[in-house]
Amino acid sequence: MSNNNLVIEVKDIHKTYDLGDIKVQALKGISLEIENGGFVSIIGASGSGKTTFMNIIGCLDKPTKGEYYLDNIQVSSLESDKLAEIRNVKIGFVFQSFNLLARTSAIENVELPMIYNNTDAKRRSKLASEAILKVGLDGREHHLPSQLSGGQQQRVAIARAIVNNPSIILADEPTGNLDSQTSMEIMEIFKDLNHQGKTIIMITHERDIAEYAERVITFKDGYITEDTRHISQN
């Protein structure tokens, strides 16, 4: 890779799924570069390939063909255990459905990624408390998810995503289960994280949410049909 400011570079990525006798082409030759510290929205209808693309750049899946570089490392050919290592260090995930453990307090949910990293208990507690403070949830550390609103649960999920201090945050429909006021509050958190230097890549089907990003990429039928850069109005 020639540009050291690129955090992600994909070259001619294809992804084909075998469904019995049928081959489904989810991605049909995607090439894309994302700069370090960028804020990118990926928008498209259901079945456009955006979630498949997110899974590949999140090291959850591998392309059928093509190359994917993450921080100058060619990750498209790495084995699953290596991908898991990279995922845990470099990438934080936020999902539409929050993915919190129901019988586990907010702070314990935030600590989970550090348990996988074998971080000691005292440091886990300190870093989780700091992450909860960053997303504006101090005072709610010991609440269970069922005792929190949807917006508060998503704040816990964001705290969990940032607790290992990853350079990239991948957000898959992060406002999909939230009302419009709460969605705006959550997007302000993402904007703040971006201003602190995090690269944010977000999937959404909502155009007004996509506009929070400085760059909006449209997927359709496994292709990129539009790639627009603008100064965020929000």
Legend entry - Value of relative contact order over the chain, rounded to a whole percent, pairs C-alpha under 8 Å and six or more apart: 28 percent
Legend entry - Over 19 Å between alpha carbons, listed pairs Lys15/Lys191; Lys15/Lys50; Lys23/Lys62: Lys15/Lys191
Legend entry - Kirkwood-based Rg to Rh ratio, the range 132-234, C-alpha trace: 0.99
Inset, instruction - Could you give the C-alpha radius of gyration of the range 59-153 expressed as a fraction of 2.2 N^0.38 Å, taking N as the number of residues it contains? - result: 1.30
Legend entry - Calculated log₁₀ intensity ratio I(q)/I(0) where the Debye formula runs over C-alpha points of the chain, q = 0.08 Å⁻¹: -0.29
Inset, instruction - Starting from the Cα gyration tensor of the range 1-118, multiply each eigenvalue by 5, take the square root, and state the resulting semi-axes largest first in whole Å. - result: 26, 20, 15
Inset, instruction - Provide, in order from the shortest bin, the percent of all Cα-Cα pairs of the range 1-55 in each 10 Å bin, continuing until the bin that contains the maximum pair distance. - result: 20, 46, 26, 8, 1
Legend entry - Average Cα contact separation per residue, the range 48-162, under 8 Å, 6 or more apart, as relative contact order %: 27 percent
Legend entry - Reciprocal mean inverse distance between Cα atoms of the range 132-189 - Kirkwood radius, Å: 11.9 Å
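Just so you know, all these numbers are worked out from the coordinates, no wet-lab data involved. Small disclaimer: the values here were computed from a predicted structure and weren't measured.
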